[in-house]
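Take a look at the structure set out below.
The values are calculated or read from the model by the stated rules, or taken from the named source; none is laboratory data. Just so it is clear, the structure is predicted and the values come from calculations on it, not from any experiment. Please note: Cβ atoms are built from the backbone with ideal geometry, for glycine as well, and neighbour counts cover all protein chains shown.
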Amino acid sequence: MSAATAMGDGLVVAKRNLIKIKRVPDLLVFTTLQPIMFVVLFAYVFGGAINLGGAGDGGKAYREFLMGGIFAQTVIFGATITGAGLADDIQKGIIDRFRSLPMSQGAVLIGRTLSDVANNVLVVIVMALTGLAVGWRIHTSVPEAIGGFLLLLGFAYAFSWVMAFVGLLAPSPEVVNNASFIVIFPLTFVANTFVPASTLPGPLKTFAEWNPVSSVAQGARDLFGNHVPGAPVPDSWALQHPVAYTLIWAVGTLAVFVPLANYQYRRAASR
């Protein structure tokens, strides 16, 4: 089948996944409540202990620094829905039903990843509104701000293909959730998401500087104009050119995991 046919079938599957979210309100509630909770808790719990703007700042500089990291962490965790959703579909035999239909084999993966981008768009909107409520502001132009959001969503989309591959390997959604949490949680904390990478000791500092999560967060901060006053210039090329480094990671991830996920889908569907 042609690429246009695969995309058309993929959009149908994406619609199916979005309708499923609509019919299970619990998913929508937790998807929107979690980012609000993270923004408020980190802004006022960590913000009271970490003062990046000097005396009398009241934590405003930290809240602006924080939002790039919270955005990055949340969209990456949001990408895990791809893996859990595919594992659930395999477990319930829905993938076998798709296999019996006259549709492109790649449509299931295309639809799954696209629907999760749509879910992440909703999450980003909720987070942005919450951030504005706690004092975060965008200090750049509209095109740069849009670029910041697209950078976050683009990296999350690439990461969703990693999770698609994991979801097709795992025996159940619970395994996907537990395994992804064990990997993603430290990956998003050993980064410049919540504190500047320069504050980390030795090997952790080096890892954080080259961690793609750090470049996503730093790229978003640069595009939103959320610079920390007096912050040291990063030593690594990755954080000096965070947008380029993030795009390199996104393209490389897609180049590796799109074929792997499609290969594993054919194997999983034939089990």
Quiz item: Name the pairs whose Cβ atoms lie under 6 Å apart, with the first residue in segment 93-105 and touching a residue at least 40 places away in the same chain (Cβ under 8 Å), the second assigned to a helix (DSSP H, G or I) and surrounded by 10 or more Cβ atoms within 10 Å (Cβ to Cβ), and 6 or more positions between them or separate chains?
Solution: I95/D89; I95/A269; F98/V108; R99/A269; M103/D9; S104/T5; S104/A6; S104/D9
Quiz item: So how many residues does segment 81-129 have that are assigned to a loop (DSSP other than H, G, I, E, B) and loosely packed, with under 15 Cβ neighbours inside 10 Å?
Solution: 5
Quiz prompt | Of all residues in segment 57-71 being touching a Phe, Trp or Tyr at 6+ places or on another chain (Cβ under 8 Å) and small (G, A, S), the one that is modelled with the lowest pLDDT | solution = G59
Quiz item: With respect to N226, is the statement that it is in contact with an Asp or Glu (Cβ under 9 Å, 6 or more places away or on another chain), surrounded by 15 or more Cβ atoms within 10 Å (Cβ to Cβ) and not hydroxyl-bearing (S, T, Y) true?
Solution: yes
Exercise. Determine which member of the set A191, A197, A208, A170 is in contact (Cβ under 8 Å) with a residue 40 or more places away in the chain and touching a Leu at 6+ places or on another chain (Cβ under 8 Å).
Key: A197
Quiz item: Which of the residues that make up segment 138-152 are surrounded by fewer than 17 Cβ atoms within 10 Å (Cβ to Cβ) and either in contact (Cβ under 8 Å) with a residue 12 or more places away in the chain or part of a helix (DSSP H, G or I) (or both)?
Solution: H139, T140, V142, P143, E144, I146, L150
